[in-house]
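The values are calculated or read from the model by the stated rules, or taken from the named source; none is laboratory data. The structure presented is a predicted model; accordingly, all values stated were derived computationally and were not measured. All Cβ positions, glycine included, derive from the backbone under ideal geometry; neighbour counts span all protein chains shown. Please note that ligands, DNA and RNA were not included when accessible areas were found on the heavy atoms of the full protein model with its side chains. Shrake-Rupley method; radii C 1.70, N 1.55, O 1.52, S 1.80 Å.
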Amino acid sequence: MTDPLTARIWLFRSYYLTLCLFVLIWQILPLGRDDGAIPVPHLIMALTFAWLLRQPNIVPLGAVAAVFLIYDFLTHAPVGLGALIVVLASERLRRVQPEVANMTFLGEFGMVAGTIALCTLAERIILGVLLAEQAPFLQVALHAIVTIACYPVIVLVSKYLLGLDRLHAADPDNV
Amino acid sequence: MARDRHEENLAHPMRRLLVVLLILFLIGLILLWRIDNPRAERIRAAVVDRIVPNMEWAMAPVTGLARMVDDFQSYARLYEQNEQLRRELQQMRAWREAAIQLEQENARLLDLNRVQPDPSLTWISGIVLADSGSPFRRSVLLNVGARDGVEDGWAAMDGLGLVGRIAGLGERTARVLLVTDSNSRVPVVIQPSGQQALLSGDNSSAPLIEFIETPEDIAAGDRIVTSGADGLYPAGLLVGQIVIDPERAFRARLAADFGRLNFLRVMRNPDVVPLNDSDTLIGPPLPDPVIPELDALAPSPSDPAPETAETSEDSPSADARADGT
């Protein structure tokens, strides 16, 4: 139980949950910042994808579902919709992670950008099928673009500040 | 080798089952949210009630610090601000004289007419705990809830102008849907001309004014107050002033300071009927239909005017609830 690999995985799992809690608190602080033209990026989504593609073990399915369900509840979003979409996307990314691990960063970035765009599109389609009210398309698209743009920053921060490096398929700890 | 283990791990039947169960659970939640919205919103309110007040120890210091930074930035413009404040103070002194005279005159007239001020318009004060946290929704969370006597649908103001109404109520917290939210519709009256209109939020800081009968009678700077036509908002609450945007559309410059909402007043309104079932509307109860067969027909234009007006003005707010956005 106490071998260094397990300890490290649990350390990063706790980092993940703490960071998500931090971002969530920061987003709901009543500071009235979001009146500008550029929306705040969906940091938790970018963080989840970035870490999932680095070390899938530190972002377990249960944590993803719990974090995004709480996010849906607190941000007054459709209950469970964001969680469902991100859980599906994260399962997909988990499956292709070994291939992504051997790509260049550009390839990974393209993969994540496509995933975020698909998530946004899926959300709109599901809301459309359910005949629910939707935010204007331009705002939603801008939100997705800002989220994609902040992805490299999150990767840099997690690599150089937290020491979370990409896992290669040949590494022995790729479990 | 490692790759095989990875695939094997993901394809483990137990894990697959868990994923499927989780997805079914989430789909169930979405359907519950869409079909029985009031219940889903009650669950949401209960969850928020559990989480947010417990995070206050972390949020309060950060909020305080950020506000201090904001205030500190304004020191840079201290001199200009001082000058501006002096000028404003000079004007205010003149207004104060006028106000005192008017107050005395008003008191005399009220005394002559034996008017009793409406005792039902009292308020409950609350502190803003949290924002909506989403770029597409405009709402804030207050630290007062059902246990303080707050009810769904009551209007919220800051010291000066209308801010929104209660949409979502927990035991210790209440969510205020701001008038800037794209789901918010408020019937208003524009002051000197007395025209009825609808203030409809569009997620911008200046909501649109729609359905004005004669736009020629309206000028920038006209006062906007609530008309009370929907039975939700009390009549006569200050909303803001008319501005005209570059596309010649009328918008409202809100009187409340939405940049820093801190303390809000929730106006008690005994006329609001709370929403409990999924098939009811917020607002005063509609009169019972006399003949059921008539109900099935499309509403004829000869329907009594107030009834249709109420229905049409209620439905956006009911939609807001039904969509949960």
Item to check | Space enclosed by the convex hull of the alpha-carbon atoms of region B:18-117, per residue, Å³ | outcome: 264
Checklist entry - How high is the relative contact order of chain A, given as a whole-number percent (alpha carbon pairs under 8 Å, six or more residues apart)? => result 29
Item to check | Sequence of B:Trp57, B:Trp123, B:Trp95 from largest to smallest accessible area, 1.4 Å probe | outcome: B:Trp57, B:Trp95, B:Trp123
Next on the checklist: With Kirkwood's inverse mean 1/r over C-alpha pairs for Rh, give me the Rg to Rh ratio of chain A, two decimals please.
Outcome noted: 0.97
Checklist entry - What is the Cα coordinate range of region B:123-267 on the first, second and third principal axes, sorted by size from largest, in whole angstrom? => result 47, 29, 22
Next on the checklist: Could you check the spin-label model distance between A:Ala7 and B:Arg147? Points 7 Å from the Cα along Cα→Cβ, value in nm.
Outcome noted: 4.3
Next on the checklist: Bins of 5 Å, beginning at zero and ending with the bin holding the largest distance: percent of Cα pairs per bin for region A:79-158, please.
Outcome noted: 3, 13, 21, 24, 19, 11, 6, 3, 0
Item to check | Residue order for B:Ser184, B:Ser125 - accessible surface, 1.4 angstrom probe, largest first | outcome: B:Ser125, B:Ser184
Item to check | Residue-averaged [θ]222 nm for chain A, counting only DSSP H segments that reach four residues, each worth -39500 (n - 2.57) | outcome: -24000 deg cm²/dmol
Checklist outcome for this item: Diffusion coefficient in µm²/s returned for region B:48-174 by Stokes-Einstein, Kirkwood Rh over C-alpha pairs, 4 °C and 1.567 mPa s, is 69
Checklist entry - With springs only between Cα atoms under 10 Å, which of A:Leu131, A:Leu84, A:Leu142 fluctuates most in a Gaussian network model of chain A? => result A:Leu131
Checklist entry - Which whole-angstrom value gives the distance between the alpha carbon centres of region B:148-212 and region B:55-88? => result 26
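Chains A and B: buried accessible surface, both sides, probe 1.4 Å, rounded to 100 Å²?
4900
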Checklist entry - Which far-off residues, 5 or more places away or on another chain, put their amide H under 5 Å from the one on B:Val239, with H placed in the peptide plane? => result B:Leu162, B:Ile224, B:Val225, B:Thr226
Checklist outcome for this item: Ignoring ligands and nucleic acids, A:Leu138 exposes an accessible area, probe 1.4 Å, in Å² to the nearest 10, of 140
Checklist entry - PRE reach from A:Ser14 (point 7 Å along Cα→Cβ): which of region A:46-83 fall under 13 Å by backbone N? => result none
Item to check | Protein-only accessible surface order, largest first, of B:Asp71, B:Asp158 at 1.4 Å | outcome: B:Asp71, B:Asp158
